[in-house]
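Input: a single structure, listed below in structure tokens.
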Amino acid sequence: SCVQHRLVVRDASSLQLLQLYTCLDQIQYIEWSSDSLFILCALYKRGIVQVWSLEQPAWHCRIDEGSAGLVASCWSPDGRHILNTTEFHLRITVWSLCTKSVSYIKYPKACQQGVVFTKDGRYMAVAERRDCKDFISIFVCNNWQLLRHFDTETQDLSGIEWAPNGCVLAAWDTCLEYKVLLYSLDGRLLSSFRAYEWPLGVKSIAWSPSSQFLAIGSFDEKVRILNHVTWKKITELDHPATIASKKTIVYKEVEKSPTVDTERLSFPPTRELASSLFSTQSKYDISQVPVSLQYVKPVADRANPKVGVGMLAFSADNCFLATKNDNIPNAVWIWDIRKLKLSVVLEQLCTIQCFQWDPCQPRLAVCTGTSRVYLWSPAGCVVVQVPGEGDFQIVSLSWHSSGDSMVLLSKDNFCVCYLEREEV
């Protein structure tokens, strides 16, 4: 974690302080190397990247982009190269920590997802814009040599994403043009998908962990799933405001006032008793279908309307897909991919801020900007209250790779939630 210009490294299991590093200015971004031996700290305001070593605390590295400026920085998959994007996206500079050599990639495009690596770390794809046309360049990561360079059939390329197996690259057009293109590693166009023509198009995309399915969230409040054999649509998943199917379980969050034992009442009340008197608890109830969900009508004359499927995520075992329709901001939809049916809807009291699957099992964690974290698995739902004084509003969360714990983030603080592993 970082506090102003200080980088704090703690043990993940005990939160014991391991290292404390001081940077030159306020830290805007931090990232671990793939082997967890180095930490990158980006100081965008000063155009500087500082790198720290956990094994050798006295060693340090400083990269100064100078007048070119800095807007983004990230590690390469090998954890020994740093990719810096200069201001106005003039170029990407590849810095080697081993040889101190520098490579340049020109004309990177300023889009929501323009630099992506394959899961095995062998290849990197970069979205480019030159002469008013979109291009994609594929590089080999061990020597940064150009493997393929090809133009795309897009008006304004919005993002690219590798399939987990690294064989197919998905590219999608601006929201004004519904188009998803699928390319092979050698730059061949495998397929092109367009669901409709004139309304707003693609809003989000997610590959399944097995690379068998590509889920496309659209502004028309639907998710379309393509298969990996023919790249044709196999189903459409609707997000209606009324849940009518009896095969769908709807968990509704309800608040309840705490029960206080009158024998424990004292004056003045203890701090523990006072906090319990004025805090509300919540739990899940199973609603009887049909259920009407809270639907928000989007404002048509504003940019970036709150409409369509903006969040998608597959579970690690490939069995479930979680979605959020921005028109219905308080609900998470969980689909059974084996049956291609809606399995569960979680109806929360507040707007969904973030959700993420456990990397080891089908368990979904959800936060809504309150001091509670919500967990769903096929066994059921549970509400976990974050203990502590003050109002800890969780706006984001991230699982540990083992699935045994997760970090809960508020605007100013963080805490770690440890989960007990069930005995087999």
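Nothing in this text is a laboratory measurement; each read-out follows from the coordinates by a stated rule. Model, not experiment: these values are computed from the prediction. As a convention, Cβ positions derive from the backbone with ideal geometry for all residues, glycine included, and neighbour counts pool all protein chains shown.
Rounded, prolate or oblate: which fits segment 290-339, taking a ≥ b ≥ c as square roots of the Cα gyration tensor eigenvalues, rounded meaning a/c under 1.5, else prolate when a/b beats b/c? Numbers along the way, then the final one.
Numbers: a/c = 3.91, a/b = 1.83, b/c = 2.13.
Taking the square roots of the gyration eigenvalues as a ≥ b ≥ c, segment 290-339 is oblate.
Can you tell which of H228, S67, L321 lies farthest toward the positive end of the dipole of the chain, using +1 and -1 charges on the Cβ of basic and acidic side chains (Lys, Arg; Asp, Glu)?
So the residue furthest toward the plus end is H228.
Sort segment 107-238 into rounded, prolate or oblate with this rule: let a ≥ b ≥ c be the square roots of the eigenvalues of the Cα gyration tensor; rounded if a/c is under 1.5, and if a/c is not under 1.5, prolate when a/b is larger than b/c, oblate otherwise. Display every interim value, and only then the final one.
On the way: a/c = 2.07, a/b = 1.33, b/c = 1.56.
In terms of gyration-tensor shape, oblate.
Suppose a student asked you for the relative contact order of the chain, using Cα pairs under 8 Å spaced at least 6 residues apart; what percent would you report?
Working: 981 pairs, mean separation 25.6, N = 424.
Once divided by the residue count of the chain, the mean separation gives 6 percent.
Please go through segment 55-107 and write out the trypsin sites (Lys or Arg not before Pro) that DSSP classes as loop and that have at most 12 other C-beta atoms within 10 Å.
Numbers: sites: R62, R80, R91, K100, K106; in loops: R80, K100.
The qualifying sites are K100.
Would you work out the relative contact order for segment 291-333, in percent, from Cα pairs under 8 angstrom that are 6 or more residues apart? Don't jump to the answer; show the numbers that get you there.
On the way: 59 pairs, mean separation 16.5, N = 43.
For segment 291-333, the relative contact order is 38 percent.
Taking a point 7 angstrom from the Cα of Y29 along the C-beta vector, which residues in segment 115-150 have backbone N less than 11 Å away?
115, by backbone N distance to the label point.
Go ahead and estimate [θ] at 222 nm for the chain from helices alone: -39,500 (n - 2.57) per DSSP H run with n ≥ 4, summed, over the residue count, rounded to 500. Each step should come with its number before you reach the end.
On the way: 1 runs with 8 residues, N = 424.
-500 deg cm²/dmol, from helical runs alone.
I need the shape label for segment 16-84. Rule: rounded when a/c is under 1.5, else prolate if a/b > b/c, else oblate, with a, b, c from the alpha carbon gyration tensor. Let's see the in-between values first.
Values: a/c = 1.99, a/b = 1.35, b/c = 1.47.
Because a/c hits 1.5 or more and a/b fails to exceed b/c, segment 16-84 counts as oblate.
Using only Cα atoms, locate the centre of segment 347-373 and the centre of segment 137-166, then give the distance between them in Å, rounded to an integer.
32 Å
Near L185, within a Cβ-to-Cβ distance under 15 Å, what is the net charge of the other residues, with Lys and Arg +1 and Asp and Glu -1?
Details: positive: K119, R122, R148, R188; negative: D120, E161, D186.
Taking every Cβ under 15 Å from that of L185, the sum is +1.
What residues qualify as long-range amide H neighbours of I205, i.e. H under 5 Å apart, gap of 5 or more or another chain, H built at 1.01 Å from N?
G217
So between T22 and V407, what do we pick up on full extension, going 0.36 nm a residue minus the alpha carbon distance?
Working: separation 385, 0.36 × 385 = 138.60 nm, distance 2.30 nm.
That works out to 136.3 nm of additional length.
Using Cα positions and a limit of under 23 Å, work out the lysines in reach of K252, with same-chain residues fewer than 8 apart set aside.
Candidates past the 8-residue exclusion: K222, K283, K297, K306, K324, K341.
Please name whichever of Q145, W376, V180 sits farthest to the positive end of the charge dipole of the chain, dipole taken about the Cα centre and charges placed at Cβ: Lys and Arg +1, Asp and Glu -1.
V180
Give the residue list of GluC sites (Glu not before Pro) in segment 48-91 that are DSSP loop and have at most 13 other beta-carbon atoms within 10 angstrom. If you can, show how the numbers build up before the last one.
On the way: sites: E55, E65, E87; in loops: E55, E65.
Taking segment 48-91 and a limit of 13 other Cβ atoms within 10 Å, the loop GluC sites (Glu not before Pro) found are E55.
So how far, in whole Å, is the C-alpha centre of segment 1-64 from the one of segment 318-343?
After rounding, the separation between the Cα centres reads 37 Å.
Using a simple charge model, +1 on the beta-carbon of Lys and Arg, -1 on the beta-carbon of Asp and Glu, nothing else, what dipole does segment 1-106 show about its Cα centre, in debye to the nearest 20? Spell out each step's value before the answer.
Working: 9 positive and 9 negative charges, 46 e Å.
Dipole size: approximately 220 debye.
Quick one: go through segment 339-368 and flag any residue whose amide nitrogen is under 16 Å from the point 7 Å out along the Cα-to-Cβ line of I234.
From segment 339-368, the list is 339-342.
For q values of 0.11 Å⁻¹, compute log₁₀ I(q)/I(0) with the Debye formula on a Cα-only model of segment 1-155, without solvent.
One equal scatterer on each Cα of segment 1-155 leads to -0.46.
Among the lysines, which fall within straight-line cross-link reach of K133, defined as a Cα-Cα distance under 26 Å, with same-chain neighbours fewer than 8 residues apart omitted?
List returned: K106, K109, K179, K203.
As I understand it, the dipole of segment 107-238 uses +1 on the Cβ of Lys and Arg and -1 on the Cβ of Asp and Glu, about the Cα centre. Which of L214, S158, T118 lies farthest toward its positive end?
T118
Taking every pair of alpha-carbon atoms in the chain, what share in percent sits in each 10 Å bin, from 0 to the bin with the longest distance?
Percent of Cα pairs in each bin: 4, 18, 26, 28, 17, 6, 2, 0.
Where does the charge balance sit around T370 when Lys and Arg score +1, Asp and Glu -1, over other residues with C-beta under 11 Å from its C-beta?
Numbers: positive: R372; negative: E253, E255, D391.
Summing Lys and Arg as +1 and Asp and Glu as -1 gives -2.
Sorted by packing (mean other beta-carbon atoms within 10 Å per residue), highest first, where do 223-229, 321-327 land? Walk me through the numbers before you get to the answer.
Numbers: 223-229: 17.7, 321-327: 24.4.
Top of the packing list down: 321-327, 223-229.
Long-range amide H contacts for N327: which residues qualify at under 5 Å (H placed 1.01 Å from N, peptide plane, sequence gap of 5 or more or a different chain)?
Those qualifying (amide H under 5 Å, at least 5 residues apart or on another chain) are G308.
What aspartates and glutamates could a cross-link reach from K256, if we take a straight Cα to Cα line under 13 Å and drop same-chain neighbours fewer than 8 places away?
K256 reaches D285.
Taking the Cα centre of the chain as origin, sum charge times position over the Cβ atoms of Lys and Arg (+1) and Asp and Glu (-1), and report the length of that vector in debye to the nearest 20. Walk me through the numbers before you get to the answer.
On the way: 42 positive and 44 negative charges, 147 e Å.
For the chain, the charge dipole is close to 700 debye.
Hey, what did segment 1-106 get for relative contact order, percent, Cα under 8 Å, at least 6 apart? Please report the intermediate quantities before stating the final value.
Values: 224 pairs, mean separation 16.1, N = 106.
For segment 1-106, the relative contact order is 15 percent.
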